[in-house]
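Structure first, commentary second.
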Amino acid sequence: MMHKPFRTAAVLGAGVMGSQIAAHLANAGLTVHLLDIAAKTGKKNELVETAFKKAVKQSPPIFFSEKIARRVTLGNFDEHFHRLADVDWVIEAVVENLPIKQELMARLEKVIRDDTIISTNTSGLPIREIAKGCSESFRKRFLGTHFFNPPRYLKLLELIPTTDTEVKTLARMKWFGELYLGKGIVVAKDTPNFIANRIGMYAIMFAIRAFTEGRYTIEEIDTLTGAIAGRPKSGTFRTADIVGLDTLMYVLANLYPVIPNDESQEIFRIPPLLRKMVETGTLGAKTGQGFYKKQGKEILSINPRTFIYESAKPLDFGNIEAIAKIPDLKERLRTLYENTSRAGEFFRQLTLHILAYSARRIPEIADNPSDIDKALRWGFGWELGPFEIWDALGYERVLADMKAADIAVPEHIQKKLHKSQDVAKPGKIYFAPVAECADDFCLPASALTTGIDLAALKSDSKNILWQNSEAALIDLGDRVALYEFRSKGNTLSLKVVDGLAIALDMIENGNYRGLVIGNDNANFSGGANLAEMAMLAQTNNGQGIADLIVKFQALLQRIKYFPKPIVAAVVGRVLGGGCELVLACPHVVAAAETYIGLVELSVGLIPGAGGIMRMVTWAADKAASESPQHIQPFLRKVFETIGMAKVSSSAEEGVELGFLPPTTKTVMNADSRLYVAKEEVICLERTGYIPPVERHHIMVLGRQGRAMLEHAAGVMQQGGFISEYDNYLANRLADVMTGGELSAPSLVSEDYLLQLERESFLPLLQQVKTQERIAHMLKTKKPLRN
């Protein structure tokens with residue numbers, strides 16, 4: 001069934017969630033009206049304008065770029081409610097008060113069109129009650145749309161239909177949410193806290209109880225509920241501080257009384273410690289102290305008995321460091337589960353209780369395990385959901401341990417949900433995904449049909465056209481291939497660079513339409529392999545480095561002018577050499593959440609594989625003419641962008657900064673990027689692909705332009721914004737950008753600028769301060785400003 005996309009929307013309520021939802025709808029290209037109550041005195045728009053100004057200043061940013069904020073029109077309920085007559089979708093996000101919401105729905109029904117979709121973002125009130133007094137036609141178009149905070153960055157969107165919601169309404173919302181908003185959709189039942197928050201809050205409260213009972217310290221629990229377990233590194237207590245302890249208490253206060261039939265209801269009772277902290281204004285990050293408090297450079301944690309903040313005690317966890325280094329998550333979880341130390345005991349108990357509680361909530365909150373898994377992965381950032389963890393640990397083993405610990409498990413777990421009869425072996429898929437259902441609603445597993453299951457393709461050896469230990473060429477079908485990085489951090493190692501040259505030979509000489517460069521990881525590429533570079537520098541292998549630079553420059557030039565279409569499919573971090581690779585690709589498909597930049601100066605280098613040349617070309621092309629005064633503003637922007645190692649906050653900003661071409665195809669749902677890139681290759685080939693024309697005449701500004709850039713860097717140093725070595729690096733950058741020793745503005749070739757890049761790169765790599773920056777980055781993952 002074909003659905004009609006929404007083009008206009010209104011968000012009612014400009015609070016924390018309302019403003020951010022409005023921003024994300026604007027990111028998706030909608031025209032948005034953001035309305036709130038009128039101020040009682042003075043300017044009636046004062047409340048909505050104040051709230052929006054605060055939201056726009058949030059970090060990380062809620063808009064893809066500053067320009068997108070213009071798509072949001074502010075208003076108030078007194079003067080601008082009539083605007084709702086022209087919108088396709090209305091989202092209610094006002095205060096969590098049922099009579100107020102019901103009154104708003106009644107008023108809304110008198111204004112909107114008879115085809116407008118209406119939804120509520122409530123997280124604690126019954127969806128069915130909010131539109132109870134409205135007409136049948138209204139209720140058919142009404143449902144819950146529960147966004148997670150922050151809406152731009154968290155993938156989960158829970159859709160909660162009522163018994164009155166039409167299937168076509170739900171199907172349209174699911175389709176639009178996945179394709180246009182980039183969301184992972186889970187259809188939830190109209191039960192308290194829906195799916196993710198119900199299970200997630202259980203996990204948080206179980207961990208908090210372990211702390212208040214004195215069995216484990218805050219730091220120990222955060223270690224075991226953080227990255228080692230495949231969850232966000234903030235763990236339990238840092239996450240609670242970020243969310244706000246008042247918010248946490250509010251959720252518990254509303255949840256506890258409405259789940260009398262939940263056998264684990266007591267775990268949701270507000271702990272005395274949490275109540276006292278909130279009453280004394282200890283609310284977490286927003287007040288500077290919560291479970292944690294930063295004092296100078298030290299992070300202290302609260303003593304639950306004395307309420308005094310104390311230094312962290314050493315972890316009493318045995319060989320936990322060795323377990324944390326196990327790269328495969330499932331193997332790491334199995335090892336931690338089997339561990340006999342205090343760490344293993346806590347992890348086993350936490351895991352068994354979370355898995356059992358999740359099982360007991362079926363079919364109350366969801367009809368199948370996969371919905372719960374997706375909700376926790378997309379809403380709480382878990383790498384594996386509860387039932388995926390159960391599969392990884394081994395179904396029968398976990399079930400036996402639950403019975404031994406006298407943990408209640410519903411009988412239907414064994415009878416209804418398994419896929420395989422061979423369930424003893426860890427890793428067997430026992431909890432298989434099925435159609436998504438909620439009450440009488442069943443939809444296909446995904447409304448998004450524009451994804452490529454790369455894991456399935458790679459599992460068949462016939463699809464592997466070539467591979468080494470760090471890269472592979474994979475057949476995507478339809479005579480299109482994918483070159484995939486497999487190196488650590490997807491860095492451009494020697495093996496990746498060599499493999500790309502082989503892949504280009506195979507594509508050029510074989511029966512292929514073209515090539516996609518990408519992968520199915522969260523980040524496209526971390527750039528050059530700094531460890532390899534550092535090793536070459538320390539062994540004084542100058543010729544080896546020079547040869548590598550020449551090879552990589554030539555490879556990227558070959559990509560730029562390749563006779564068949566090459567499309568880069570990017571997402572997440574695209575840094576340094578990875579950015580230079582993308583700059584060389586004539587065609588790009590970018591996930592909206594793409595963070596791209598030339599960050600070489602942060603490690604004491606300047607771009608050396610064509611990045612400077614292509615950005616100088618971009619500046620010249622943006623200018624109205626080849627006149628120096630027209631080029632200077634754009635050249636200075638490039639200089640500041642590279643000099644400050646600026647990384648875009650989105651694909652949209654990546655285009656504005658010149659890192660991505662204006663023809664970039666941006667996809668809101670990152671899962672579709674490989675499919676769209678493949679289709680782009682096919683389209684380009686079918687329309688008669690013509691590669692770009694090589695540039696032999698690029699205007700550079702010579703000595704006068706260099707002086708202008710060097711002066712700007714000098715001012716930055718005098719102001720204390722950059723170090724003396726930063727200034728030195730900036731001068732080397734300015735030299736290449738303006739053509740070296742040219743005395744006047746001149747037209748130069750691409751090869752001329754590439755040579756200047758090479759001549760500057762090697763001497764910088766041999767500098768002591770550059771090597772210190774590289775070593776610091778490799779050790780701490782943070783830049784050093786020496």
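The values are calculated or read from the model by the stated rules, or taken from the named source; none is laboratory data. Just so we're clear, the structure is a prediction, and the values are computed from it rather than from any experiment. Cβ sites come from the backbone with ideal geometry, for glycine too, and all protein chains shown count toward neighbours. Areas reflect the complete protein model, heavy atoms only, side chains present, ligands, DNA and RNA absent. Shrake-Rupley method; radii C 1.70, N 1.55, O 1.52, S 1.80 Å.
For Ser749 and Asp505, a Förster radius of 30 Å and the Cβ-Cβ distance give a FRET efficiency of 0.70, rounded to the nearest 0.05. Helix 46-56: angle to the longest alpha-carbon principal axis of the chain, degrees 0 to 90, nearest 10? Long axis of 46-56 versus the principal axis of the chain: about 50 degrees.
Annotation: Trp466 carries an accessible surface of approximately 50 Å², with a 1.4 Å probe and no ligand, DNA or RNA atoms counted. Between the labelled values [x] 15, 44, 29, 10, 2, 0; [y] 13, 41, 35, 10, 1, 0; [z] 14, 43, 36, 7, 0, the entry that holds P(r) over Cα pairs in 20 Å bins from 0, in percent as derived from this structure is [z].
Taken over the range 549-603, the alpha-carbon convex hull comes to 69 cubic angstrom per residue.
Only protein atoms count toward the accessible area here, which uses a 1.4 Å probe; on the range 258-390, the carbon and sulfur part of that area reaches 52 percent. Each peptide among 685-695, 515-525 gets the average number of other Cβ atoms lying within 10 Å of its residues, and from highest to lowest they stand as 515-525, 685-695. Summed over the residues of the chain and divided among them, the accessible surface reaches 42 Å² per residue at a probe radius of 1.4 Å.
Beyond 16 Å, the tail of the calculated P(r) for the range 61-114 holds 54 percent of the Cα pairs.
Annotation: the range 278-326 has a Kirkwood hydrodynamic radius of 12.7 angstrom, from the mean reciprocal C-alpha pair distance. Here the average projected area of the convex hull drawn through the C-alpha atoms of the range 529-580 stands at 4.3 nm². Amide H to amide H, with H built 1.01 Å from N, Gly184 comes under 5 Å of Leu156, Leu157, counting only residues 5 or more places away or on other chains. Computed across the range 253-359, the Kirkwood radius stands at 17.1 Å (inverse of mean 1/r, all Cα pairs). Once the Cβ-Cβ distance between Glu79 and Asn149 is put in as r, and R0 is 41 Å, what FRET efficiency do you end up with, to the nearest 0.05? Efficiency for this residue pair is about 0.90.
Of the residues Thr236, Thr8, ranked by 1.4 Å probe accessible area with the largest first, the sequence reads Thr8, Thr236.
Beta-bridge orientation, the range 1-141: approximately 0 percent antiparallel, per DSSP, counting only bridges with both partners inside. Taking the helices alone, the chain has a mean residue ellipticity at 222 nm of -13000 deg cm²/dmol, built from -39,500 (n - 2.57) per DSSP H run of at least 4 residues and averaged over all its residues. Value of Rg to Rh for the range 543-674, rounded to two decimals, is 0.97; Kirkwood radius and Rg both from alpha-carbon coordinates.
Under a 5 Å amide H cut-off, with hydrogens placed 1.01 Å from N, Trp466 pairs with Leu473 among residues at least 5 apart or on other chains. In this Cβ point-charge picture (+1 for Lys and Arg, -1 for Asp and Glu), the range 223-290 has a dipole of about 300 debye about its Cα centre.
Projected over every direction and averaged, the convex hull enclosing the alpha-carbon atoms of the range 38-83 yields 3.6 nm². So what's the angle, to the nearest 10 degrees on a 0 to 90 scale, between helix 329-338 and the longest Cα principal axis of the chain? Orientation of helix 329-338: about 50 degrees from the principal axis. For the range 325-369, the C-alpha radius of gyration sits at 1.42 times the compact-globule guess of 2.2 N^0.38 Å, with N the residue count. Of Lys233, Lys646, Lys286, Lys374, the order by accessible heavy-atom surface (1.4 Å probe, DNA, RNA and ligands excluded), from most exposed downward, is Lys233, Lys286, Lys646, Lys374.
Residues His697, His3, His776 ordered from highest to lowest accessible area at a 1.4 Å probe: His697, His776, His3.
Taking every alpha carbon pair in the range 721-784, what does the distance histogram look like in 10 angstrom bins from 0, in percent? Percent of Cα pairs in each bin: 18, 42, 27, 11, 1.
Each peptide in 488-496, 314-322 was scored by the mean count of other Cβ atoms within 10 Å over its residues; highest first, the order is 488-496, 314-322. Pairs over the 29 Å Cα-Cα cut-off, from the set Lys325/Lys678; Lys564/Lys646; Lys67/Lys233; Lys57/Lys782; Lys330/Lys462: Lys325/Lys678; Lys564/Lys646; Lys67/Lys233. Surface composition of the range 578-639: carbon and sulfur atoms hold 56% of the protein heavy-atom accessible area at a 1.4 Å probe. Below 15 angstrom from the Cβ of Ser650, what's the summed charge of the other residues (Lys, Arg +1; Asp, Glu -1)? With Lys, Arg at +1 and Asp, Glu at -1, the neighbours total +2. On the beta carbon distance between Asn468 and Gln349, with R0 = 60 Å, the FRET formula returns roughly 0.85. Convex hull volume of the C-alpha atoms in the range 580-647, normalised per residue: 103 Å³. For the range 87-186, with all protein chains in place and a probe radius of 1.4 Å, 51% of the accessible heavy-atom surface sits on carbon or sulfur.
Computed extension length for Thr163-Gln629: 161.2 nm, one decimal, from 0.36 nm per residue of separation with the Cα-Cα distance subtracted. Going by the alpha-carbon gyration tensor, a ≥ b ≥ c the square roots of its eigenvalues, is the range 156-273 rounded (a/c under 1.5) or, if a/c is not under 1.5, prolate (a/b greater than b/c) versus oblate? The shape class here is oblate.
Averaged over residues, the count of other Cβ atoms within 10 Å places the peptides 378-387, 658-667 in the sequence 378-387, 658-667, highest first. Here the range 729-786 and the range 121-197 have alpha carbon centers that stand 52 Å from each other. Bridges between two residues of the chain, per DSSP, are antiparallel at a rate of about 40%.
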